[in-house]
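Since the structure comes first, as structure tokens, the remarks are kept for the end.
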Amino acid sequence: MTTNSYVPAADGKFDLFANNFVSTIKADPTTFDMTTESITELESLLTEWDDAYFGSQAKRDEALAAVTEKEQNRVELEKRIRHAAKLIQANTNISNEARRKAGLPVHSETRKPVPAPSTFPIAFVEQKAALQHDLRWVDSATPTRRARPAVASGCEVYVYIGASLPTDFDAFKFIGISSKSPRRLDFDQADCGQTAFYRLRWINNKGQTGPWSEVVSATIFG
């Protein structure tokens, strides 16, 4: 390829330049001192160039159109496949062997039962404001970490307010399940000076509970 600056490098600009060059010389060969043979040769080469250039342009456009059509077809096909696969996966009459043959994922046929929690919470009570307790807890198996055990979905919290620890644990009142620590508890003015006793235990998503924590307590200050 020529590197002369007057000849454009880009094909589109080169085509315009070449057609103008040949047509201008052909229109006035005397001025440019060009023989009929030279002009004929230029015209022949220009025709070959134009055929190749516009042919390549057409092929490029066809290729782009083919790629676009392919992508559109894939979108539609994949959409239909996913819809059909969803119906197959939901149909209990279809065997897993058939699903495998179709290239579909097969989910585990047996699920491991979720065990009941075997550890217990270790609780701490902080009072940062009047008539408030911040109850925090960690797991007995991992006391340096804040995370609950993997089998637990939350922590059951029970409280008893009084002067001393009751002999009957049924006196404790269930106040809720907390998925994370800490839990803030607000008290009434009438509770001021009393002691709040807390018991906690882990619970899983099947409602199975683990062993009780040790009772922790703190005075309710006004």
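Taking the stated definitions as given, is Gly154 more than 18 Å from Thr119 (Cα to Cα) and not aromatic (Phe, Trp, Tyr)?
Numbers: more than 18 Å from Thr119 (Cα to Cα): no; not aromatic (Phe, Trp, Tyr): yes.
Spelling it out, it is not the case that Gly154 is more than 18 Å from Thr119 (Cα to Cα) and not aromatic (Phe, Trp, Tyr).
Mind checking which helices (runs of 4 or more DSSP H) fall wholly inside the range 1-116 and carry at least 1 residues that are within 30 Å of Val151 (Cα to Cα)?
Working: elements: 11-27, 36-90, 96-101.
Where helices (runs of 4 or more DSSP H) fall fully within the range 1-116 and carry at least 1 residues being within 30 Å of Val151 (Cα to Cα), they are 36-90, 96-101.
All but one of (1) assigned by TED's automatic domain parsing to the domain that holds Gly176; (2) touching a residue at least 12 places away in the same chain (Cβ under 8 Å) hold for Asn96; which doesn't?
For Asn96, the exception is condition (1).
Just to be sure, is Ser213 within 12 Å of Pro121 (Cα to Cα), touching a Phe, Trp or Tyr at 6+ places or on another chain (Cβ under 6 Å) and among the small types (Gly, Ala, Ser)? Talk me through it step by step, then tell me what you get.
Details: within 12 Å of Pro121 (Cα to Cα): yes; touching a Phe, Trp or Tyr at 6+ places or on another chain (Cβ under 6 Å): yes; among the small types (Gly, Ala, Ser): yes.
When the stated conditions are applied, Ser213 passes them.
Quickly run through the range 127-150 and pick out the residues that are over 24 Å from Asn205 (Cβ atoms) and without any contact (Cβ under 8 Å) to a residue 12 or more places away in the chain.
Lys128, Ala129, Thr144
The values are calculated or read from the model by the stated rules, or taken from the named source; none is laboratory data. Just so we're clear, the structure is a prediction, and the values are computed from it rather than from any experiment. Backbone-built Cβ (ideal geometry, glycine too); neighbour counts: all protein chains shown.
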